[in-house]
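A quick write-up on the structure given underneath.
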Amino acid sequence: MTWDYAPAPESRAIANLKPSYRMFLDGQFVEGGGEPLKSVNPATEEVLAEVSTASAADVDRAVKAARRAYDKVWGRMPGAERAKYIYRIARMIAERARELAVLESLDNGKPIKESRDVDVPTASAHFFYHAGWADKLDYAGYGPGPRPLGVAGQVIPWNFPLLMAAWKIAPALACGNTVVLKPAETTPLTALVLAEIIQQAELPPGVVNILPGAGDVGAELVNHPGVDKVAFTGSTEVGKVIQRSLAGTGKKLTLELGGKAANVVFDDAPLDQAVEGIVNGIFFNQGHVCCAGSRLLVQESVADELLAKLRTRVSTLRVGDPLDKNTDVGAINSGEQLARIKELVASGESEGAERWTSPCPVPEKGYFFAPTVFANVSQAMRIAREEIFGPVLSVLTFRTPDEAVAKANNTPYGLSAGIWTEKGSRILWMADRMRAGVVWANTFNRFDPTAPFGGYQESGFGREGGRAGLEAYLDV
Amino acid sequence: MSDVQTTAAPPEFADATRDDTALRRFLHGLPGVDQVGVEQRAAGLATRSIKKDSKLWAIDTAISMVDLTTLEGADTEGKVRSLCAKARRPDPDFPDVPQVGAVCVYPDMVATAVKALDGADIGIASVATAFPSGRSSLSIKLEDTRMAVEAGATEIDMVIDRGAFLSGKYMRVFEEIRAVKAACGSAHLKVILETGELATYDNVRRASWLALLAGGDFIKTSTGKVSPAATLPVTHVMLQAVHDWHAATGEHRGVKPAGGIRTTKDAIRYLVAVHEVAGPAWLDPHLFRFGASSLLNDLLMQRRTQLAGHYSGPDYVTVD
């Protein structure tokens, strides 16, 4: 009996794709002085649009515009007034949700069901949540009348292009800062539609500026003397460079970097739901998630049973056209990232881990990688230590809770962790000992604007979301 | 593939049913079910988009899985005869529409159904064992079963003793299912768990395994007389149980959600769960049924829509 689901693609026309996009500076869309970049659809390798990029002079103009907007308008505007603008942005994102979701899937490669059900609604939710804070900062726990910092320079990655822009812009605006944001070079399109929304919401010119470009534009931005605060989400390597260059400048910095999260499954776990959590933890967004549960630590007594269930489940994941509503795993964002995943997978094989890859069909064109699970992994292997940022899971075993904690914490990172057990006391015992900014219990990869998110050690510092996230944008 | 007559518990599980203590240990040793997780998974799968040919295939498959049901105090011979006519020819304008899986009636209506379905390859299911509450003595329940079987029922839908289950008397439930199974003879046994009264997913999982251990050919969610009746997450847990049973024993057992499934959209969501949780082998009327009455006409209307490219209306399908 075979039941092949007919293709159910979302219409590409909904994305309103334009042949070219321009940067957003001081309330206007203008040509940038940098070399234009071409944004590619990773599922087909075709060029989607040409995007103008910023030059050093553009960065300077943007920071000055943001400063003017901060001094003259935004920094002194009552919170209740700021909130009106932010609510308006939140509503307009929700109204254009379908367009943004399709555009995000085209540009990034993530499946439409994720951009539709997670990225875009959560982006809107972040604006709604932070709009609520704008006139209540007196009650945020930082004393009366906490002051904004000034101009925030923000650099975001390609894995959640619109959502990361929302995570950065919403709290900055709510606290009274102005923004210059650089989206990732491979995924600039939804941030520029967000700029359109910001323009239509009649946010005063210069409050938000969006400058596409590569790493050099990011460097120019974070090192600009007119910037008071830098927020970066991306690789640990770049995060370290930024921290080094900012040392002694007085700029405030928050970093949200890589991770190698442990998802710990005890023998008394709800196994079928643990399997779901493991799948969600590592195959959500093709594993392009800094908090991905990329190390599965499973108690040895249930390892075989769990792995058998896991393989059965992973075999049902549908890899393919990101615009198809039935696709579970979409395209790897770039050829460069695909090469890195392949290189790390090869190291896993040569270091002796036992590779299993889903037998699912994979499109010939585009950047795709079938979901892969490595068993018999030890902490010494590269696939257990390095962030793969792809749909590749490393499975390790443990015998006792102490050993689970020791192995889970045995990483220079510390962004997230998962605990699976039906025993409430064990959840608390473990969460107490895990060095990770977020600890999920009997679930994984759940995001909410009210919950602070951030890391330990090489996963960065500072929090985004919740009351704790406001601190990053206030002079406290 | 699927017409396996189940008898005793397979040797793998002989120890589990040795005595009351062993059975309790076995059922309580099954992995728990996390409510949030299973509901999230069920909701996620419900977003699958089934279109075009795959939708038409699903509609025809769903029709062939319908246990066309009437279980009313007001049932008459005339009502049962007209139900059987509907079962034979669901849509008179389209003779290629598959027949339904079975009709499902009370024991005293079995003889009428047998006569009305003479010569058709359609199952005759009868509820039994003091349906729907199951509150009677074992001897009456067995007599109820025998009466239906002797009248010609090919499938028996029994109810478990939920009172015994909820008070932890698992062996009593087990032995009752065994006894009914024996009384069924060659008729297939569907064991109704009445999940709306079991309340927790952990209980649903335990009751599913209990029924499988005792030899139920099918596990069925509900009588349709208790709310909530069938839900997607409950059916997920039961599909997982038959999947795991197959992995352990090599035997295929069936699942039947019943009650509250009224639309094609709902039915397709259930089929997606069957496909992706139990596996493609379960997309077969021998292993999956819908206990429903109004669902059939919605399937027929959607089938016409798929073929014609436009909606017709409820006056174009027969009401029986």
Has the range B:189-196 got at least one residue that is surrounded by fewer than 24 Cβ atoms within 10 Å (Cβ to Cβ) and of a type in the set (Ser, Thr, Tyr)? no
Of the listed residues (A:Glu99, A:Glu81), the one being part of a helix (DSSP H, G or I) and farther than 18 Å from A:Ala195 by Cα is A:Glu81
Single match in B:Gly260, B:Gly313, B:Gly279 (criterion: surrounded by fewer than 21 Cβ atoms within 10 Å (Cβ to Cβ) and within 13 Å of another protein chain (Cβ to nearest Cβ)): B:Gly279
Hey, B:Ser208 under 25 Å from B:Arg146 (Cα atoms) and within 13 Å of chain A (Cβ to nearest Cβ) or not: yes
Of the residues that make up the range A:228-236, is at least one surrounded by 18 or more Cβ atoms within 10 Å (Cβ to Cβ), more than 19 Å from the chain's Cα centre (by Cα) and within 14 Å of chain B (Cβ to nearest Cβ)? no
Lone qualifier among B:Glu12, B:Glu39, B:Glu72 - being under 23 Å from the mean Cα position of the chain (by Cα) and closer than 24 Å to B:Ala247 by Cα: B:Glu39
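Each row is one residue, and each column tells you yes or no for (1) free of Cβ contacts under 8 Å to residues at least 24 places away in the same chain; (2) within 14 Å of chain B (Cβ to nearest Cβ); (3) surrounded by 22 or more Cβ atoms within 10 Å (Cβ to Cβ).
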site	(1), (2), (3)
A:Ile388	no, no, yes
A:Val395	no, no, yes
A:Asp402	yes, no, no
A:Phe447	no, yes, no
Let me spell it out: the conditions are (1) over 16 Å from the mean Cα position of the chain (by Cα); (2) surrounded by 24 or more Cβ atoms within 10 Å (Cβ to Cβ); (3) within 17 Å of A:Val227 (Cβ to Cβ), and A:Gln154 meets all of them except one. Which number is the exception? (1)
Where in the range B:72-154 are there helices (runs of 4 or more DSSP H), lying wholly inside it, with at least 2 residues that are of a type in the set (S, T, N, Q)? B:138-150
Single residue of B:Ala116, B:Ala111, B:Ala179 found to be under 20 Å from B:Gly291 (Cβ atoms) and aliphatic (A, V, I, L, M): B:Ala116
Check the range A:50-58 and report whether any residue there is free of Cβ contacts under 8 Å to residues at least 12 places away in the same chain, of a type in the set (Val, Ile, Thr) and under 30 Å from A:Val319 (Cβ atoms). no
Does A:Val298 qualify as being among the aliphatic types (A, V, I, L, M), at negative phi and either part of a loop (DSSP other than H, G, I, E, B) or not assigned by TED's automatic domain parsing to the domain that holds A:Ser416 (or both)? no
Quick test of your reading of the structure: B:Arg25 fulfils all but one of (1) free of Cβ contacts under 8 Å to residues at least 60 places away in the same chain; (2) more than 30 Å from A:Asn442 (Cα to Cα). Name the failing condition by number. (2)
Within the range B:19-57, the residues that are within 7 Å of chain A (Cβ to nearest Cβ), small (Gly, Ala, Ser) and either part of a helix (DSSP H, G or I) or farther than 27 Å from A:Thr421 by Cα (or both) are B:Gly37, B:Ser49, B:Ser54
Which of the following residues is over 24 Å from B:Lys190 (Cβ atoms), buried (at least 19 other Cβ atoms within 10 Å of the Cβ) and either of a type in the set (Lys, Arg) or in contact with a Lys or Arg (Cβ under 7 Å, 6 or more places away or on another chain) (or both): B:Arg48, B:Arg25? B:Arg48
Residue check, B:Val114 closer than 26 Å to B:Ala273 by Cα, more than 14 Å from chain A (Cβ to nearest Cβ) and not polar (S, T, N, Q): no
Report, by residue number, each residue of the range B:58-76 that is within 14 Å of chain A (Cβ to nearest Cβ) and farther than 19 Å from B:Thr223 by Cβ. B:Ala58, B:Ile59, B:Asp60, B:Thr61, B:Ala62, B:Ser64
Counted residues, the range B:271-283 - those being closer than 18 Å to B:Leu295 by Cβ and touching a residue at least 60 places away in the same chain (Cβ under 8 Å): 4
Report the residue count in the range A:81-135 for those that are within 14 Å of A:Glu10 (Cβ to Cβ) and surrounded by fewer than 22 Cβ atoms within 10 Å (Cβ to Cβ). 5
Among the residues of the range A:237-270, which ones are buried (at least 24 other Cβ atoms within 10 Å of the Cβ) and within 14 Å of chain B (Cβ to nearest Cβ)? A:Asn263, A:Val265, A:Ala269, A:Pro270
Quick check on my filter: what residues within the range B:162-175 are surrounded by 22 or more Cβ atoms within 10 Å (Cβ to Cβ) and among the charged types (D, E, K, R)? B:Arg162
Enumeration of residues in the range A:279-334 that are within 11 Å of chain B (Cβ to nearest Cβ) and among the aliphatic types (A, V, I, L, M): A:Val279, A:Val302, A:Leu306, A:Ala308, A:Leu317
Restricting the range A:1-45 to residues that are acidic (Asp, Glu) and within 23 Å of A:Pro111 (Cβ to Cβ), which is nearest to the other protein chains (Cβ to nearest Cβ)? A:Asp4
Go over the candidates A:Arg446, A:Arg435, A:Arg426, A:Arg385 one by one and state the one that is outside the structural domain of A:Ile278 (by TED's automatic domain parsing) and among the basic types (Lys, Arg). A:Arg446
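To keep it simple, each residue is scored yes or no on (1) surrounded by 16 or more Cβ atoms within 10 Å (Cβ to Cβ); (2) of a type in the set (D, E, K, R).
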{"site": "B:Ile63", "(1), (2)": "yes, no"}
{"site": "B:Thr69", "(1), (2)": "yes, no"}
{"site": "B:Lys86", "(1), (2)": "yes, yes"}
{"site": "B:Pro90", "(1), (2)": "yes, no"}
{"site": "B:Asp96", "(1), (2)": "no, yes"}
{"site": "B:Gln99", "(1), (2)": "yes, no"}
{"site": "B:Val103", "(1), (2)": "yes, no"}
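The values are calculated or read from the model by the stated rules, or taken from the named source; none is laboratory data. Worth saying up front: this structure is predicted, and the values here are computed from it rather than measured. Positions of Cβ are generated from backbone atoms using ideal geometry, with glycine treated the same way; all protein chains shown enter the neighbour counts.
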